Amino acid sequence: MSENIKDEEKNLNETVEVDEVEVDEKSENRDERDIEIEELQKKLKESEDKYVRVFSEFENYKKRLEKEKYQAIEYASEKFAKDLLPVLDNLQMAIQSAETTPDVDKLKEGVELTLKNFLSTLQKNGVESIDTEDGFDPNLHEAVMRVDSADAESGEIVQVLQSGYRLKERVLRATMVSVAN
Amino acid sequence: MAVIGIDLGTTNSCVSVYEAGDAKIIPNKEGRNTTPSIVAFTDKGEILVGDPAKRQAVTNPHKTIYSVKRIMGLMMNEEKAKEAHDKVTYEIVDKNGMSAVKVADKIYTPQEISAKILGKLKEDAESYLGSSVTDAVITVPAYFNDAQRKATKEAGTIAGLNVLRIINEPTASALAYGLDKKGDEKVLVYDLGGKLSA
């Protein structure tokens, strides 16, 4: 009898021990998970922080770029405008001198020189006149009317009605021309 | 990869890209925000699109195709097709019952003509973005029927574009305004067309 009791006690103890071991394993598991969760939460927070920082940096960068762009546009003509001032001076002087000495030939000469000066200033700033020597080219010329012509072939330029200009690779204004029927 | 938005207009067309939270209009290689919806076939065998095509229209009225959107996806017997036929300087012909254009004995569908315009817009977008572009959204007038919408999509496909969606022009305006991101409000969208009434 007493042996039986002892056995039972032993059994009970063993069960308890087993239980304890199981509990230990569980708590260990939980610890590991907790650590993992903590780590992930930390990583997520870091990523979120990083995202917020990069995003606000990006927004600021965008704003700054926009501001710089508008400033650049606003003052883009600065150099060009400065280059044009001598032309303005010359024209004012031409009018002044015409008032004192009304010599048309001299005035013409002066205006011609100013024009030359003007054209070279334009050229310096990338503005060039478009020529029509190589025939009608819709990339550069705009046909506004068709006329009968004995000299020009059909579709070719008869007369330049208004000069065209380009700024570097872009057409500022196409040369207005009439073309032969 | 960037998706481009295309306004394929009757008179002018325009391409844009959604960039950094805003829709940005892409300037064409001529430096303009809009490209005339005009395609020309020259005697030299060249195909001109946009401004150059417009500049030579006077010299080449029978082979300069403008306002092709008017006959996009229309049957030849539809009233609108007949109206266009009487008004334009190029030849509108019947191709299996559908409206098409005839240029020097060759017949082109409105889709094929529009594809040339879309192709140029695609190229301009690619040179602006510095990468190849295949995905696009194209807008059509709200009154376009199913056949017209299908034809527009087909034009995109011919131009080598994967047309993700065809959306109504006023809807595109509302989206650009940010209707989907703001709170409840009533917004009125006006569609002021540039189409010539002549």
Once both axes come from the Cα atoms, what is the angle between helix B:110-129 and the longest principal axis of chain B, in degrees from 0 to 90, rounded to 10? 40 degrees
Please compare each pair in B:Lys44/B:Lys87; B:Lys54/B:Lys102; B:Lys69/B:Lys116; B:Lys87/B:Lys122; A:Lys67/B:Lys186; A:Lys124/B:Lys120 to a cut-off of 20 Å on the Cα-Cα distance and tell me which ones are over it. B:Lys44/B:Lys87; B:Lys87/B:Lys122; A:Lys67/B:Lys186; A:Lys124/B:Lys120
Local charge sum around B:Val3 (other residues, Cβ-Cβ under 10 Å, Lys/Arg +1, Asp/Glu -1)? 0
Could you tell me the relative contact order of chain B? Use alpha-carbon pairs under 8 Å, at least six residues apart, and round to a whole percent. 21 percent
Rel. contact order, % - alpha carbon contacts under 8 angstrom, at least six apart, the range A:47-181: 19 percent
What is the sum of charges around B:Thr59, taking Lys and Arg as +1, Asp and Glu as -1, for the other residues whose C-beta is under 14 Å from the C-beta of B:Thr59? -2
Could you work out the relative contact order of the range A:127-181, using alpha carbon pairs under 8 angstrom and six or more residues apart, expressed as a whole percent? 46 percent
Report the equivalent ellipsoid semi-axes for chain B in whole Å, largest first, defined as the square roots of five times the eigenvalues of the gyration tensor built from alpha carbon atoms. 28, 20, 15
For chain B, what is the mean residue ellipticity at 222 nm derived from helices alone (per DSSP H run of n ≥ 4: -39500 (n - 2.57); sum divided by total residues; nearest 500 deg cm²/dmol)? -8500 deg cm²/dmol
Residues B:His62, A:His141, sorted so that the one with the fewest Cβ neighbours within 10 Å comes first: B:His62, A:His141
For every other residue with a beta carbon closer than 14 angstrom to the beta carbon of A:Lys124, add +1 if it is Lys or Arg and -1 if Asp or Glu, then tell me the sum. +2
Highest mean first, how do B:41-47, B:72-78, B:159-165, A:41-47 rank when packing is the count of other Cβ atoms within 10 Å averaged over residues? B:72-78, B:159-165, B:41-47, A:41-47
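Every read-out reported here was derived from the displayed coordinates using simple, explicitly stated rules and does not represent laboratory data. Since this is a predicted model, take the numbers as computed values, not measurements. No Cβ is skipped: glycine too gets one built from the backbone with ideal geometry, and neighbour counts run over all protein chains shown.
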